Amino acid sequence: MKILVVDDEENLRHMLQVMLRKHGYHVETAPDGSVALQMASHHEFTFILCDIRMPLMDGPVFLKKFAEAGFRSTIIMMSAYGTMETAIACMKQGAYDYISKPFKNDEILLVLKKAEERERLKREGRQLKEENKKENTCSDIISENPRMLEIFQLVKKVCDFRTSVLILGDSGTGKELIARAIHFTGNRSGQPFVAVNCGALPEALLESELFGHVKGAFTNAVSDKIGLFEQADKGTLFLDEIGEMQQSLQVKQGAATA
């Protein structure tokens, strides 16, 4: 754990640095909030012990500027007698806790242990949230429906296989979404994903679109054309409404994907 001690009293900074280092913490110090902000911009601290009353930039101003800068360290305020209301106000602004001066070493250590436990629980909560998100997410599809979760697991099983996958479903049920999920979840995610609606292309053009042609192969073939199979090389070709394609072409495309 990396700690920054911010206090204008040099003796207190030194005492806390020596004591906390003995308990396994990496400790750095700053004489005021302005210096502390500069240090926080270059190093990430787990905890910051910050005095309330300091010259140049006091604790409350430091706390405000620290939050505005987007830093995320856990801040514990150190307050002398007469500044308790200010310490409570700092907690309302985002400080985790405060400790009153003069304090015993055990008090500082206890507050830090509580803060460590809080950080651990936050990390575990984020991990559980991320794991749950991964479990309920597949590419751009998010669902908690048990049947969809089964489909997500199936997608993850087949996504890395180099094989044809038949996706069945009524129109509008998201077959292309599942095809994209298989592509972008697997090891081909960095390669092309090419989709073609076989039912929307005239049969006369479909073969040329799928397999390409060379210049002069037929009337109006004025230049070479790369087919969709070649465009999708090393990636995924999604043949939507393949049942609308004539059987002779289905045989050809089956041979091309084999």
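The values are calculated or read from the model by the stated rules, or taken from the named source; none is laboratory data. Please read these numbers as outputs of a predicted model, since none were measured by experiment. Cβ: placed from backbone, ideal geometry, glycine included. Neighbour counts: every protein chain shown.
General remarks:
- Failed item, numbered, when Leu56 is tested on (1) buried (at least 22 other Cβ atoms within 10 Å of the Cβ); (2) at positive phi; (3) among the aliphatic types (A, V, I, L, M): (1)
- Given (1) within 31 Å of the chain's Cα centre (by Cα); (2) surrounded by 16 or more Cβ atoms within 10 Å (Cβ to Cβ), number of the condition Glu68 does not satisfy: (2)
- Condition broken by Gly243, with the remaining ones in (1) touching a Ser or Thr at 6+ places or on another chain (Cβ under 7 Å); (2) modelled with pLDDT under 80; (3) not basic (Lys, Arg) satisfied: (1)
- Test: Leu149 is in the same structural domain as Glu230 (by TED's automatic domain parsing) and either without any contact (Cβ under 8 Å) to a residue 12 or more places away in the chain or closer than 23 Å to Glu230 by Cβ (or both): no
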